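Below: one structure, written as C-alpha cells.
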Amino acid sequence: MEARFQEILNHIKQPKEIRLNNMLDPFFLGADEEEMTADILFCTQEWEWNQRNEIHGGAIASMFDTAMGVCAAAFQGQGSVSTADLQVSFIRPFLSGAFIFSTQITSMGKTLIRATCVAREKQSGKIVATASGTFVPFKK
Ligand SMILES: CCCCCCCCCCCCCCCC(=O)SCCNC(=O)CCNC(=O)[C@H](O)C(C)(C)COP(=O)(O)OP(=O)(O)OC[C@H]1O[C@@H](n2cnc3c(N)ncnc32)[C@H](O)[C@@H]1OP(=O)(O)O
C-alpha cells in the first residue's frame, strides 16, 4: 500500500508545470490497508496565507481535497478520482507549521467513495479542522 501512495504522490509531484496538488507538497506518513486509513502531512507555506497571516480556508479545503483524493485513489487500487463534494469545518486557525491530515475511507462503494478527514496541528495534536468528501473514479 505504501508503494501505491508513493506512486500517486510521485505522479502528482512530478509535473514541471505549476499545479495545486504539487504546490501543496503532500508528504505520506503511513497507511493501514485493512482500516482504509492514512496520514498525510502538509507543511504550510507563505503563499497559502490570508491577510491575517493565517492559512486561507481555500488552501485548507484544497489540502483536505488532496489528502482524501489521494487516499480514495490509493485504496481503490488503480486510476484517479474526481471530487463530487467536499464539506469542511474550520475549527481553529492554521497559524503556521505542520499539519497531519488523517483520512478514513468510510465507504468504498461501486460508484462512490466516501471519506472523512481530521486535520491536527502536528506540534500540539490539537484538531484544527475536519472534513468529509465524496469521490468518483475518474472515467476519462
Ligand atoms: C500513476 C498513478 C496515477 C493515478 C493518479 C491518481 C491521482 C489522484 C490524485 C487525487 C488527488 C486529487 C484530488 C483532487 C481532485 C479534483 O480536484 S477533481 C476536480 C473537482 N471536481 C470536478 O471537477 C468534478 C466535476 N463533476 C463531475 O465530473 C461529475 O459530476 C462527477 C463527480 C464525476 C459525477 O458524475 P455524474 O453525476 O455521473 O455526472 P456526469 O453526467 O458523468 O458528468 C456531468 C457533466 O460533466 C461532464 N464531465 C465529466 N467529466 C468531464 C471531463 N473530464 N471533461 C469534460 N466534461 C466532463 C459530463 O460530460 C457532463 O456534462 P453534460 O453531458 O451534462 O453536459
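The values are calculated or read from the model by the stated rules, or taken from the named source; none is laboratory data. No experiment lies behind these values; they were computed from the predicted model shown. Because the Cβ atoms are built from the backbone with ideal geometry, glycine has one as well, and the counts that use them run over all protein chains shown. These accessible areas exclude ligands, DNA and RNA; they are computed on the full protein's heavy atoms, side chains included. Shrake-Rupley method; radii C 1.70, N 1.55, O 1.52, S 1.80 Å.
Looking only at residues in region 19-40 that are surrounded by 12 or more Cβ atoms within 10 Å (Cβ to Cβ) and among the acidic types (Asp, Glu), the one that is farthest from Ala67 (Cα to Cα) is Glu33.
Taking each residue of region 1-18 that is open to solvent by 40 Å² or more (accessible area, probe 1.4 Å) and of a type in the set (Asp, Glu) and looking for partners that are more than 11 Å from the ligand (Cβ to nearest atom) and not in a loop (DSSP other than H, G, I, E, B) with beta-carbon atoms closer than 8 Å, six or more apart or interchain, yields Glu2/Phe28; Glu2/Gly30; Glu2/Ala31. Just the residues that are in contact with a helix residue (DSSP H, G or I) (Cβ under 7 Å, 6 or more places away or on another chain) and within 16 Å of the ligand (Cβ to nearest atom), please, taken from region 120-140. Ala131, Gly133, Phe135, Pro137, listed by residue number. For region 75-92, filtered to residues that are of a type in the set (Val, Ile, Thr) and within 6 Å of the ligand (Cβ to nearest atom), the residue that is farthest from Ala31 (Cα to Cα) is Thr83.
Scanning region 123-138 for residues that are open to solvent by 30 Å² or more (accessible area, probe 1.4 Å) and either touching a Phe, Trp or Tyr at 6+ places or on another chain (Cβ under 8 Å) or within 20 Å of Val70 (Cβ to Cβ) (or both) yields a total of 5. Among the residues of region 1-48, the one identified as small (Gly, Ala, Ser) and assigned to a helix (DSSP H, G or I) is Ala3. Restricting Ala67, Ala38, Ala72 to those that are within 13 Å of the ligand (Cβ to nearest atom), touching a residue at least 60 places away in the same chain (Cβ under 8 Å) and under 16 Å from Arg120 (Cβ atoms) reduces the list to Ala38.
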